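J.: Here it is, the structure in full.
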Amino acid sequence: MKAIPNVLTLFGLVMLLITGCNQSKDSQTGNDAAKQEEADVLQHDGFVESQALTARQNPGSSQAARETSRSLLDNIASNSDLSTFNSLLSKAGLAKSLSGTGPYTVLAPTEAAFQELPDSLRNNLENPAYHELVQQLLNNHIIAGKLTTSDLQDGAILKTAAGHQLKVAKRDDKVQVGNAILEKPDGMCSNGVLHTINKVLVPVDETAL
C-alpha cells in the first residue's frame, strides 16, 4: 500500500520551486518539533526493502576498508563533489543523525546535480525562512536500512525519511531511483551505504509511480 503524500510539504516545495519568493512563513503548530535533538529528525516509519547486512568490498582495498570504518557523514564530508549536500545537512540539523548508529541508505546529489536546479529553488536552499522545507527535501534522500545495488530490485518502491516514495528501475548496468541515476553506488560506511546520484530528488506526487 502506498503512503499518503505529505500534501503540505509537497505544496510548499512546489511553491518554493516556482516562485522563489522571500515571503515569510506562517507560524505553524508544532514548531517545537523542529528544535528537537538532531538525532530525532529522521523518521523511520513505513515500508523499506530488506537491507543488506554485510559490506560488499574488495578485501585487498585499503580505500574500501577506510570507507567502511567511517560514518556516512565522514565520507560525505570528505568528498568535495558532495560539498553542497554536506553543507545543507549540517544547516538542516541532519548531520548528527548520519553520524549515529543507523543504518541508513543515503542518496547524495553531486555538485552538478544542485547546479541543475532552477534558480528559484537553488538560491533559497540556504535561506533560513525555508529551513523546514529544505529539511524535508534532504530527508527525501535518506532511507532507513542498508540497501546496496543488489538489494534494489527493479520496480521496488522505497519510502524515504520524508515520507515520500521512490521507484527503483534497473536497466543493464544502470540503477535509477526516482529520477536519479546512481553514479557511484555502494559506498560502504560503518552505519550504512552511500550512493552518489546525478539529480536532486525533489518530492513528487506518489500517484505518478
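Only the coordinates and a few stated rules stand behind these numbers; no lab work does. Computed from a predicted structure; not experimentally measured. Every residue, glycine among them, receives a Cβ derived from its backbone with ideal geometry; neighbour counts consider all protein chains shown.
J.: Of Lys170/Lys199; Lys167/Lys199; Lys146/Lys199; Lys174/Lys199, which pairs sit farther than 18 Å apart, going by alpha carbon to alpha carbon?
T.: Over 18 Å Cα-Cα: Lys146/Lys199.
J.: I've got another one for you. Got a sec? Charge dipole of the stretch 92-154, +1 on Cβ for Lys and Arg, -1 for Asp and Glu; which of Gly100, Leu117, Thr148 is way out at the positive end?
T.: It is Gly100.
J.: Let me ask something else about it. What is the dipole size for the stretch 74-209, taken about its Cα centre, with +1 at each Lys and Arg Cβ and -1 at each Asp and Glu Cβ, in debye to the nearest 20?
T.: Value, rounded to 20: 240 debye.
J.: Given H placed on each backbone N at 1.01 Å, which residues far from Ala162 in sequence or on other chains put an amide H within less than 5 Å of it?
T.: Counting only residues 5 or more places away or on other chains, the set is Asn140, Ile142.
J.: OK, next. Relative to the present Cα-Cα distance, how much length would full extension add between Leu117 and Gln153 at 0.36 nm per residue of separation?
T.: 10.2 nm
J.: If amide H atoms are built 1.01 Å from N in the plane of the peptide, which residues on other chains or at least 5 residues away come under 5 Å of the amide H of Arg70?
T.: Ser190
J.: Let me ask something additional. Name the residue from Thr160, Leu88, Asn127 whose Cα lies farthest towards the positive end of the charge dipole of the stretch 68-174, charges +1 on Cβ of Lys and Arg and -1 on Cβ of Asp and Glu.
T.: The residue sitting farthest along the positive end of the dipole is Thr160.
J.: Report the full-extension gain for the segment Asp81 to Thr68: residue separation times 0.36 nm, less the Cα-Cα distance, to one decimal in nm.
T.: Going from the current span to full extension adds 2.8 nm.
J.: I've got another one for you. Between Asn179 and Thr101, what FRET efficiency follows from the Cβ-Cβ distance if R0 is 22 Å, with the result rounded to 0.05?
T.: In this case the efficiency is close to 0.15.
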